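What follows is a set of notes on a single structure, which appears directly below.
The values are calculated or read from the model by the stated rules, or taken from the named source; none is laboratory data. No experiment lies behind these values; they were computed from the predicted model shown. We place every Cβ from the backbone using ideal geometry, glycine too, and count neighbours over all the protein chains shown. Areas reflect the complete protein model, heavy atoms only, side chains present, ligands, DNA and RNA absent. Shrake-Rupley method; radii C 1.70, N 1.55, O 1.52, S 1.80 Å.
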Amino acid sequence: MYDNLLSLILSQNNSFLYDYAKKNNINRFVGTVLYSKNNLVVVGVRNFLFLLENQSTQNFQTGVRVNLTFQDKTHNMDAPIKMKYLGEASKDSIKLSLKFPNFKNIDAVNLKSPNFTETQNIKASVWLAEFSRTLNEQLKKLKFDNLEPHEFTSFKKLTEKIVNSLLKSFKDNLNSVLSPSHSAVKIVDMIRAYISKKDNLDFFSKNEIRLMKELLTLQEEDKNSLLNKYESKTSIKHNIVDKTLNSYLTIKNLSLEIKTPLMFFSIFGMPIFLAIDREYQNNSKNYQQEAMNQKLNLILLTNNFGVIDANIQSFEKEIYISFELENNSAYFKLKTQYLIEKLEEKDYLVKRIDFV
């Protein structure tokens, strides 16, 4: 039935289908309602899934055919049914609406779509619709005064990385998927913590930051000499690297369920997203025992380094680490040798540390 007319407000270039429609002078498509509950509607149009919020009193049944028309937000809305754009999914890509109050340069989060089955695609689309709606509602409650454009870019990057990690759950194990509203609220909590602690230094002390800036202006041999001299005067007992390392080792040894745990937690006031994947395989040294291969993904938002994405893989006592830092990677690298030494003190052998 083609009687229902959905009016969809899209910001310019925000939609995969919008560009196609504009290029071919099309303003209306025929779609099918694939999901409708609690004002969330998923409409299939060609090879796209539109994630929408029903802002009318009209109810939709699954399977109903509808006309989807694009309306510019500056025009009068004559259509009887208004739909708010939450995002859309194609075979290869996902877009989610992302609205920062008083900041117009970012209006979407762009994700690479996992190779979902049709069922997984619908379930993930419903999850993403609720996530997008909750995220933007929560963002309205934050004050974004005195922030730089690059900081909004960090907020977007943080959201992209966490949602990408969460989407893997739909592919690997649906039972481990976190609530979309819970996930959105926690991401906003991470941004709120960043804003409230913007003037504080998360990882290094002020003296360490000052020293590092000085080091970067010196020759390489002078850098190493000065750093070693400074390290000898630093109190190891109260060093944040030691504290964070102890926290990581505690998390690493958690009694884990078979499903992949996904969680948000805090270390020293820094909200962190953690994904743990534990695998068992034959131990080549002793085939009578099973060796554990554990993978951890830590994502956090910091004032000095932007988004930090740490991937840690351990096989028994061997550890492989990969860091992806948004900003100031040169400063961060100065702690690499110290981290290796502290892990060795705890009988862990660092086989490799990479910086992406």
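Some values worked out for this structure:
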read-out	value
Residue list for region 291-309, restricted to those being surrounded by fewer than 17 Cβ atoms within 10 Å (Cβ to Cβ) and not polar (S, T, N, Q)	Ala291, Met292, Lys295
Region 85-131, residues that are of a type in the set (Lys, Arg), in contact with a Ser or Thr (Cβ under 8 Å, 6 or more places away or on another chain) and surrounded by fewer than 17 Cβ atoms within 10 Å (Cβ to Cβ)	Lys91, Lys112
Residue pairs meeting the criteria (Cβ under 8 Å; at least 6 apart or on separate chains; first assigned to a loop (DSSP other than H, G, I, E, B), in region 293-319; second open to solvent by 10 Å² or more (accessible area, probe 1.4 Å) and of a type in the set (Ser, Thr, Tyr))	Asn303/Tyr194; Asn304/Tyr331; Phe305/Ser329; Phe305/Tyr331; Lys317/Tyr348
Selection from region 345-356 of residues that are open to solvent by 40 Å² or more (accessible area, probe 1.4 Å) and at pLDDT below 90	Glu345, Lys346, Asp347, Val356
Total residues in region 132-164, condition closer than 24 Å to Asn304 by Cα, open to solvent by 70 Å² or more (accessible area, probe 1.4 Å) and among the charged types (D, E, K, R)	3
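Table: residues versus (1) in contact (Cβ under 8 Å) with a residue 60 or more places away in the chain; (2) among the acidic types (Asp, Glu); (3) over 19 Å from Leu300 (Cα atoms).
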{"position": "Asp92", "(1), (2), (3)": "no, yes, yes"}
{"position": "Phe100", "(1), (2), (3)": "no, no, yes"}
{"position": "Ile106", "(1), (2), (3)": "no, no, yes"}
{"position": "Asn121", "(1), (2), (3)": "yes, no, yes"}
{"position": "Leu128", "(1), (2), (3)": "yes, no, yes"}
{"position": "Arg133", "(1), (2), (3)": "yes, no, yes"}
{"position": "Phe152", "(1), (2), (3)": "no, no, no"}
{"position": "Glu160", "(1), (2), (3)": "no, yes, no"}
